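Let me begin by presenting the structure, written as structure tokens, before commenting on it.
The values are calculated or read from the model by the stated rules, or taken from the named source; none is laboratory data. The structure presented is a predicted model; accordingly, all values stated were derived computationally and were not measured. Here the Cβ positions follow ideal geometry from the backbone for every residue, glycine too, while neighbour counts run over all protein chains shown. Remember, those area values only see protein heavy atoms, side chains included, never the ligands or the DNA or RNA. Shrake-Rupley method; radii C 1.70, N 1.55, O 1.52, S 1.80 Å.
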Amino acid sequence: MPQIWAGVDIGKTHHHCVVLDAEGKRLLSRRVLNDEPELLALLGDVLAIDEDAVWAVDVADGMATLLISVLLNHNQQLLYIPGLAVNRASAGYRGMGKTDAKDATVIADQARMRRDLTILRPDDERAIELRILTDRRADINADRTRRINRLRGQLTSIFPALERVLDLGNAGPLVLLTGYQTPAALRRTGRKRLETWLRNRHVRSPEALAAAAVEAAERQHTAVPGEKITAQVIHTLAKEVMGLNEQIAEIDKLIAARFREHDLAEVISSMPGIGPLLGAEFLAATAGDMSRYGSSDRLASFAGVAPVPRDSGNISGNLHRPRRYHRGLQRVFYTSALISIRNCDTSRRYYERKRAEGKRHTQAVLALARRRVNVLWALIRDGRCFQRELPVTVAG
């Protein structure tokens, strides 16, 4: 039984630590620099009070990484309480103000009273690498989406007919926009010359793209104000999107290579609908350690695919998505369920049965995703690959 609880409110440059005893009495309150010597000194002072200590933090990565590494390297028991839970719990404590010391006190006191907090454990190196790479890919993809939206807005302002016929998620239209952005330029070039220009740049289906672009140009003969400078901006944005596409392709290769090196790669990728990217995101979120969750039900709840009741009075059966869940893990199970409907007969039959029961498309896909959590859990537990012709024993 722990004797003291140390709650740490995480900050960028400084953390605040508060230590409580079994009665909730404050034994220590200190602001410490996010630097290894300071953190080691704090660890020594806390253990000097009592070596049987439990630590708790409200951030599990980023600016808390150094502190977490120091504590885990010294075999300290470490719990994680989400910032949202800390914020809501604070309302039950004395005082209306918010300070780092109060938040650290709440964290320590919640760790003292609760038995349902997540235990933080060291991740293996491959899982950490996959987390870094998938986070980086998500950042690049967000930049790409932002630039595509800006590109669409600029193109619509001077040439809406062309914007309507271009799918800027493909490489061909981006190549087109690096050379031609205005109706007049496309009309001067003509379909045949534009087709040759696109073919020389290895654009797929240059005939159809050239025809669609020239046809759009024929529908607009008005030059709008600011067309010339907007065309230059469109050219720049198209080049930037193409550069981001190349970065995503490169990082996808790195992710696939790191994923294949993981011990669970063969098991995870045997599931219909899960390839290297989704498999890497699964490992990045869970490290492949199912013992952290205790059961497939808890994993499903963590992934946001298990509805929770919000009943009150005479209202029952009021199910909603949980407020706290891992959005990246939900993406893994939801997206892989969508893919499996197309290429796995078992998944498609389950989805169609749910639709026949009156569920909407999204509800049916979520139900399938929930079912697939059980299956993947059982595969990882048993260390075997998915076999389409044999039933998989689901976790109890």
Extreme residue, nearest to residue 248 (Cα to Cα), among residues of the range 271-306 that are buried (at least 19 other Cβ atoms within 10 Å of the Cβ) and among the aromatic types (Phe, Trp, Tyr): 282
Test: residue 227 is out of contact with any Leu (no Cβ under 9 Å at 6 or more places or on another chain) and touching a residue at least 60 places away in the same chain (Cβ under 8 Å): yes
Tell me whether the range 367-376 contains one or more residues that are modelled with pLDDT under 95, farther than 28 Å from residue 261 by Cα and open to solvent by less than 80 Å² (accessible area, probe 1.4 Å). yes
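Which one of 316, 347, 301 is over 21 Å from the mean Cα position of the chain (by Cα), among the polar types (S, T, N, Q) and modelled with pLDDT under 90?
On the way: 347 fails: modelled with pLDDT under 90; 301 fails: over 21 Å from the mean Cα position of the chain (by Cα).
That would be 316, the only listed residue that is over 21 Å from the mean Cα position of the chain (by Cα), among the polar types (S, T, N, Q) and modelled with pLDDT under 90.
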Somewhere in the range 232-240, is a residue within 30 Å of residue 281 (Cα to Cα), among the acidic types (Asp, Glu), open to solvent by 30 Å² or more (accessible area, probe 1.4 Å) and under 39 Å from the mean Cα position of the chain (by Cα)? yes
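With the structure loaded, tell me whether residue 306 is more than 30 Å from residue 167 (Cβ to Cβ) and part of a loop (DSSP other than H, G, I, E, B) or whether it fails that test.
So residue 306 fits the description; yes.
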Looking at the range 259-296, which of the residues that are aliphatic (A, V, I, L, M) and over 17 Å from the mean Cα position of the chain (by Cα) is farthest from residue 346 (Cα to Cα)? 290
Please give the number of the condition residue 229 fails out of (1) surrounded by 14 or more Cβ atoms within 10 Å (Cβ to Cβ); (2) under 20 Å from residue 149 (Cα atoms); (3) of a type outside the set (Asp, Glu). (1)
Helices (runs of 4 or more DSSP H) completely within the range 80-183 that count 1 or more residues being among the polar types (S, T, N, Q) and open to solvent by 40 Å² or more (accessible area, probe 1.4 Å): 83-90, 125-158
So which of 85, 56 is closer than 21 Å to residue 44 by Cβ and of a type in the set (A, V, I, L, M)? 56
Please go through the range 3-23 and pick out each residue that is open to solvent by 10 Å² or more (accessible area, probe 1.4 Å), over 20 Å from residue 51 (Cβ atoms) and of a type outside the set (D, E, K, R). 10, 11, 13, 14, 16
